[in-house]
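Notes for the one structure printed next.
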Amino acid sequence: MNNPISVKIKYFSSVVLSVMTAVYFSAVKTLSDTIISTQTEIEPAQEVRRGADTAFARTYYAEFILGFILVCVLAILIFKVLSDAKEKEREAERLEKIVSERTQLLQEKNRQLSRMNEDIIEFMGNIVEARDVESGEHIKRVKGFTYILAGQVMRDCPKYRLTPDKIRLIASASVLHDVGKIMIPDSILLKPGKLTQEEFEIMKTHSIRGCEILLSAPADWGLEYLRISTEIVRWHHEKYDGKGYPDGLAGDDIPISAQIVSVADCYDALINKRCYKDAFGFDKAHEMISNGECGAFSPELMKCFAKVKDDFESFAKDPNKSLDDLSQKTVINHTKLGGKQLLLIEDDELTREMTAGIIEDCGANVTRCENIIKALDILNLQEFQEFDAIILEMVMPDIEYPMAIGMIRESGVPGADTIPIFLLSPFSSEKDMNRALEAGASAYLLKPLTISALSKAVEQYT
């Protein structure tokens, strides 16, 4: 670790010692020359002044001896300061190593806890599956459909703040969506025919019964797992228009986790044979859900559902794919960002990290900085050839965006005048867009940033 304070102290001390040593030896030489000159010039008539000259020389010797002592003391003090700085540097390195080791240990324990939670959820889901003879591999397919659709929602609907970790969590928790069916009598659950209205009302209680089961989850079960699982179990039969059950929630009062699992559950129920119906084809199932024949779903969710139509069909034909297999298709495909080098300039830390995280999940490499000055430092060090494009926040606290764009374009670094600059703006007016383009921006992207919009800009300008 290169401590800048210790470097400065070393530099300063070397300069001081060099100067004082030079001054000291120069003074000694001058004194010697003076004494020699004085002795050769003494004449008999000047014997009277000999005593005075001798006293004068002694005074000079005393002063320079004292100066030498002071130089030595100063050297000792500087050496002590340097030693203390070095010791502090070693202590800082030791503490940094301890923090790093403990952070790695904590991350590993979190991974172990996550795997344990997933194993528990899978086990509980398998219990339900074993009891419901019609479910077959239903929960496995629902898990895969959930993962695929959640990935598209993450890319196109940033307002839900989904991340790869949260997507995996939702997919894992989706296997519990029907855990409450454990509490439903066999005469209803296993009935080989359509349920009566009274039986259906009893069947509908499985969502609330499932929540009751989750209340007895182990104490070391992660709170986030428990929250997401409870959302899915209780509300995966709610509808966007408020006509679902058990609570009649509507719109985005229904957690996005439950909305996604609801679509996945419905799709799988349609494409597979049940005791009361034959299986529908993939195209027909997609059409029925999109047209609202299976209840109302979010318009935004249906746009995402349309984009993953082929992915759903592909997974339905091979439901043994793991989430890791699906992640390559879900996260990176359908974008033009894989392998791109992007520089993100955003002053708000939370927005900066969220935006960068979403972009990186699509295969791009993102360099982050909080202001235009640091961005220029990075660009001067790496040169523009290292980056495919710059994403610039329009509203910055200390500088207007036309000036920021101008500073980049006029920086003199090779490539500065041609590198694509995408201005990220909360304003959708044509006036703002035209002003941005006149200032030198390549594209005008609206907040919240969507992967589809960024991919289109990257494809067009890089």
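Counting beta carbons within 10 Å around each of 73, 308, 233 and listing the fewest first gives the order 73, 308, 233. Note on residue 194 and residue 253: their simple-model spin labels are 3.1 nm apart, each label 7 Å out from Cα toward Cβ.
Tell me, what is the FRET efficiency for residue 99 and residue 350 to the nearest 0.05, using R0 = 35 angstrom and their Cβ-Cβ distance as r? Taking R0 as 35 Å, the efficiency between residue 99 and residue 350 is 0.90.
Residue order for 177, 138, fewest other beta carbons within 10 angstrom first, comes to 138, 177.
Sites listed here are trypsin sites (Lys or Arg not before Pro) in region 234-266 whose DSSP assignment is loop and whose Cβ has at most 12 other Cβ atoms within 10 Å: 243.
Since every read-out is calculated from the coordinates, none of them should be taken as a lab result. All values derive from a computational prediction rather than experimental measurement. Here the Cβ is made from the backbone with ideal geometry for all residues, glycine too, and neighbour counts use every protein chain on show.
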